Amino acid sequence: MSEHNLKGIAKAQKIYSDRSQRVKELKVAGAQILGYMCIYPVVEIISSFDLVPYRIFGSIEEPITKADNCLPTCVCPFLRSALDLGLKGKYDFLDGVVMAHPCEVAEKLAHIWRTYMDPVYSFYIDTPHATREAAIEYHKESLKDFQKSLEVFLGKGASSEKLKKTIEDYNEQRALVRELYDLKKPDPPLISGVETIEVLESLMSIPVKEGNELIRDVIEEIKERRGGPAKGARVLIWGSIIDSIAVVKLIEDLGANVVMDDTCVGSRFFFPDVETTGDPLDKLARRYLVDLKCPRTFIESGIEAGKKDYAEDLALRFGYLGDYVKQWNIKGVVLYALRFCDTHAYEVVSVKDYLSSLGIPSIYLEHDYSATSLSPLKTRVQAFLETLGY
Amino acid sequence: MAEKKKVIKRLKTMYPLRGLVDKMFEKAVEYSHEGKPVAWCMVNWWGGDSLLRAMDVACIYPEDYGAVCAAAGVAQTYLERCNSDGFPDHICGYARNCLGYASLMKAQGGIPAGAPMGGMPKPSLLVGSGYFCDTRFKWFQALGRYMDAPLWLLEMPHPGVPESLGKDSEKYIIRFMVEELKKFVAFLERSLGKKMDWDRLDEIVSDTIEMNRVWWEVNELRKVKPCPVHSRDFWSCMPAALYQAGDPKETTILYKNMYDEVKGMIDRGEAAVPNEKFRLAFAELPPWHSLGFFDNLAERGWNCVVESWAYHPPQFIDLSQYKDPLERVARHTFQYFAGFFKHAHEAGEELGYFGYPYIEYVKNYKCDGFLAHPLLTCRTATNHLMYVQDRLMQKLKVPSLFMEGDIIDYTLFNPDEVLRKADAFEEAMLHYRDVRKKEGLDW
Ligand code: SF4
Ligand code: SF4
């Protein structure tokens with residue numbers, strides 16, 4: 001069945017299973033598609049030019065062959081996989097790419113991607129780690145340059161009004177996603193962790209307004225449906241990118257419910273809004289630099305006091321996780337990091353310390369981003385769930 | 001593999017420069033005893049060192065201490081401690097060494113027993129950096145478990161090649177850097193309870209720029225055939241400039257002495273490696289625990305004549321027109337970062353640092369081969385190596401040899417395997433000499 005005849009979750013599942021189908025249709029109808037990597041390329045700017053932003057992912061199912069000649073095996077396997085798909089022509093439908101600086105390897109990949117994929121259009125948005133005023137100002141200048149480069153590429157001017165309107169569309173989407181996550185607060189949750197990823201990845205694969213329609217349908221459907229997830233251990237998953245349902249499925253198949261997440265395909269990407277008053281570029285710079293809570297950004301306590309208190313620092317950096325734990329009634333946390341992901345690897349021990357201070361048990365899983373290496377993780381998750389009493 | 005006799009001819013003027021590192025650690029211990037401020041810093045490519053020096057803070061670099069621990073054979077203890085504290089084993093060897101050290105320091109209430117070079121005393125400040133590798137600030141953040149020193153992040157913009165060349169780019173890049181430095185000064189003044197001595201800073205910044213100019217000139221001399229300075233000498237004296245290990249004015253004199261020595265060698269036709277047969281560019285960080293291995297290569301006539309751009313001083317530009325010392329710091333550092341970008345753009349290259357500089361180096365230093373040392377625990381030193389290998393072959397017909405290893409963990413380095421590959425690599429280097437000739441390249 002084509003996705004046009006589908007609605008709600010079924011439609012999301014269809015899109016998830018063949019993510020590029022819709023944008024390819026749009027392309028035939030004359031749309032231009034811009035690929036973007038990670039959560040830092042500002043999708044509002046892309047959409048405000050009537051381009052369709054399409055998030056670039058990897059595939060844990062597909063063995064990496066071609067990228068082996070460009071990126072060594074000791075760097076992020078997700079990035080290697082994404083490049084591998086690109087080199088195999090799976091992203092040939094893109095009219096251009098926008099990359100940023102989420103982490104050091106992704107920043108290098110932006111340049112390596114341009115070299116080997118030779119996109120017609122590309123832009124790299126530098127993204128500082130600091131969140132001080134000068135950094136925000138600098139980021140805003142980079143966003144201005146991004147806008148200018150799109151103007152040159154498309155031969156049309158940017159419109160501040162259009163940008164404001166697009167920001168509102170995205171804020172609407174974010175509000176809907178937060179509403180969807182509210183449906184994960186009851187016990188059992190009304191929607192599973194697997195379904196959540198299917199919906200969210202769909203949103204990153206279609207134009208924003210279509211996405212808003214889709215998620216509205218999903219919310220309506222799951223509020224009414226019977227036979228959602230059964231009761232189980234309420235788990236939060238934190239970590240590096242999870243762009244495949246397989247990891248969450250592994251946990252949920254063991255009888256747990258992944259009711260909350262802190263990953264870049266989940267709440268980390270969708271939760272913060274963009275302020276709608278004032279200069280939109282300024283607000284976008286603030287949202288992306290300050291409000292997105294990713295370990296790649298530097299936040300630190302003790303700068304004013306001249307002395308650091310570790311507990312205070314943990315609360316400053318991970319306090320939002322404490323809120324999630326309370327609001328979603330979390331019983332245990334799975335810390336998931338891809339092997340060779342430095343930004344997350346350094347954070348693991350501190351996040352564990354913070355969760356322990358709240359009395360929340362956690363387990364650290366390291367994954368090499370391949371479907372074949374999931375089974376040892378399963379045994380460990382099972383043992384962890386047993387310690388939670390499930 | 002039995003270590004062979006020392007073949008590489010070391011520069012006499014290298015020793016006092018190398019000695020500055022020991023003095024740097026000694027000074028920190030002294031400062032700590034006297035109750036004066038000590039900072040643990042990440043190498044930050046001149047972004048913050050001059051400011052710390054002007055505030056009379058003793059700076060030490062746990063990265064460098066990682067190399068010291070590796071060379072002294074004690075790193076394994078710290079690595080194990082770090083692992084048992086729960087840090088993943090694929091993170092930077094230097095960082096694991098330091099985290100393990102800090103963990104022991106906390107447990108023992110002071111410098112861990114048996115720490116080499118008198119150890120690193122407890123810091124009053126941590127100065128991380130946003131330059132290049134994520135480890136540069138994530139590692140110091142993770143140290144919060146073991147110490148209460150506040151951490152400052154020295155930020156550095158990382159624009160892409162085409163993006164950096166926009167009409168207004170340089171203006172807002174420098175503005176950003178200067179503003180960040182101002183905030184750093186305010187942080188230092190607050191933390192140390194005293195004001196910045198701006199005149200002193202002005203002098204230090206000028207001295208630092210001059211020191212790097214002379215050091216740059218020394219490296220320019222290495223283009224000569226045969227090359228009088230092997231990478232081993234480069235690595236031994238690079239901390240003097242890179243970490244400002246000593247007073248920059250005094251260090252400048254030491255580099256000038258080195259310049260004179262090297263110039264004399266050139267006049268006499270002397271080389272670092274007798275019978276220089278092959279000239280190599282080396283990437284990135286060496287196996288600190290096995291530096292004697294380069295003598296085995298030198299015995300075959302392999303001379304390592306240039307290293308990664310990352311550790312080289314920036315090409316000199318005159319910054320005397322900028323009166324604000326913070327602006328000079330910003331411009332000097334940015335010149336280092338983006339100094340190759342214009343050429344990279346003209347050459348159609350996207351990776352303007354870590355990538356393109358090798359193309360210029362290999363051409364200008366007339367290298368026969370690219371010797372790469374990928375590190376399992378360092379993304380920064382590794383992620384571009386295959387890219388560089390490919391570009392060098394595509395553009396310059398220069399072959400590469402990869403020797404896997406680690407900066408700290410000697411178990412990951414297999415020198416015998418490299419030597420086994422050496423014959424075939426020599427054949428490749430000879431073959432590509434002919435290919436280059438046929439293609440009109442001049443070496
Ligand atoms: S998973 Fe980690 S290393 Fe990979 S792109 Fe994300 S932040 Fe970077
Ligand atoms: S560049 Fe590599 S070795 Fe140096 S601190 Fe970063 S990760 Fe560690």
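The values are calculated or read from the model by the stated rules, or taken from the named source; none is laboratory data. A quick note: this is a predicted structure, and the numbers were derived from the prediction, not measured. Cβ placement follows ideal geometry from the backbone for every residue including glycine, while neighbour counts extend to all protein chains displayed. Only protein heavy atoms, including side chains, enter the accessible area calculation; ligands, DNA and RNA are left aside. Shrake-Rupley method; radii C 1.70, N 1.55, O 1.52, S 1.80 Å.
What accessible area per residue, rounded to a whole number of Å², is obtained for the range A:21-157 using a probe radius of 1.4 Å?
Value returned for the range A:21-157: 30 Å² of accessible area per residue.
May I have the extent of the alpha carbons of the range B:110-260 along their three principal axes, as whole Å values ordered from largest to smallest?
54, 51, 33
Over both sides of the B-A contact, add up the buried accessible area with a 1.4 Å probe and give it to the nearest 100 Å².
5300
Label-point separation (nm) for B:LYS171 and B:ASP247, each offset 7 Å from Cα along Cα-to-Cβ?
Placing both labels 7 Å beyond Cα along the Cβ direction yields 4.1 nm.
P(r) for the range A:226-387, please, calculated from all Cα pair distances in 5 Å bins and given in %.
Taking all Cα pairs of the range A:226-387, the binned fractions are 1, 8, 16, 19, 20, 15, 10, 6, 3, 1, 0, 0 percent.
Using label points projected 7 Å from each Cα along Cα→Cβ, tell me how many nm separate B:LYS277 and A:THR372, to one decimal.
4.1
So which residues in the range A:92-113 end up with at least 50 square angstrom less accessible surface once the other protein chains are there, compared with the chain by itself, probe 1.4 angstrom?
The answer is A:GLU104, A:LYS108, A:HIS111.
May I ask you to compute the full-extension gain from A:LYS249 to A:THR65, defined as 0.36 nm times their residue separation minus their alpha-carbon distance, rounded to one decimal in nm?
Stretched out fully, the A:LYS249 to A:THR65 stretch lengthens by 63.6 nm.
Could you state the principal axis extents of the C-alpha atoms in the protein assembly as shown, from the largest down, to the nearest angstrom?
88, 65, 55
With +1 on each Lys and Arg Cβ and -1 on each Asp and Glu Cβ, and nothing else charged, work out how big the dipole of the protein assembly as shown is about its Cα centre, in Debye to the nearest 20.
The dipole of the protein assembly as shown has a size of about 580 debye.
When the chain is fully extended, how far beyond the present Cα-Cα distance does B:ASN414 get from B:ASP148, taking 0.36 nm per residue of separation?
Extra length available between B:ASN414 and B:ASP148 comes to 91.8 nm.
Once you have a ≥ b ≥ c as the square roots of the Cα gyration tensor eigenvalues for chain A, tell me rounded if a/c is under 1.5, and otherwise prolate or oblate according to whether a/b is larger than b/c. Numbers along the way, then the final one.
Numbers: a/c = 1.38, a/b = 1.21, b/c = 1.14.
Rounded.
Could you state how much accessible area B:ARG18 has, in square angstrom rounded to the nearest 10, with a 1.4 Å probe and all protein chains kept in place?
100
Set the Förster distance to 25 Å, then compute FRET efficiency between A:LYS162 and A:LYS223 from the Cβ-Cβ distance, nearest 0.05.
Calculated value: 0.15.
Considering only C-alpha atoms, what is the centroid distance from the range A:265-334 to the range A:103-166, in Å?
Cα centres, the range A:265-334 to the range A:103-166: 23 Å.
About the Cα centre of the range A:226-387, what is the dipole size in debye to 20, counting +1 per Lys and Arg Cβ and -1 per Asp and Glu Cβ, all else neutral?
Details: 19 positive and 22 negative charges, 113 e Å.
My answer is approximately 540 debye.
Just to be sure I understand the curve: with the Debye formula and one point per C-alpha of chain B, what is log10 I(q)/I(0) at q = 0.12, 0.13 Å⁻¹?
Scattering profile of chain B, log10 relative to I(0): -1.05, -1.25.
Looking only at Cα atoms, what is the convex hull volume of the range A:21-157 per residue, in Å³?
108
Cut-off 10 angstrom, C-alpha nodes, Gaussian network model of chain B. Which of B:VAL185, B:VAL273, B:VAL398 fluctuates the most?
Its mean-square fluctuation being the largest, the pick is B:VAL185.
Residues in the range B:254-297 near a label at B:ALA347, defined as backbone nitrogen under 15 Å from the 7 Å Cα→Cβ point?
Answer for the range B:254-297: B:281-282.
Of A:VAL258, A:TYR354, A:PRO295, which is farthest on the positive side of the dipole of the range A:226-387, counting Cα position, with +1 on Lys and Arg Cβ, -1 on Asp and Glu Cβ, and the Cα centre as origin?
A:VAL258
How much of the accessible area of the protein assembly as shown, probe 1.4 Å, is carbon plus sulfur, in whole percent? Present the calculation step by step, with values, prior to reporting the outcome.
On the way: 14550 of 28840 Å².
Carbon and sulfur together cover 50 percent of it.
How high is the relative contact order of the range B:14-438, in percent, counting Cα pairs under 8 Å that sit 6 or more residues apart? Don't skip to the answer; put the middle values down first.
On the way: 694 pairs, mean separation 75.0, N = 425.
Worked out over the range B:14-438, it gives 18 percent.
Keeping all protein chains in the complex and leaving out DNA, RNA and ligands, what accessible area do you get for B:THR377 with a 1.4 Å probe, in Å² to the nearest 10?
The value for B:THR377 is about 10 Å².
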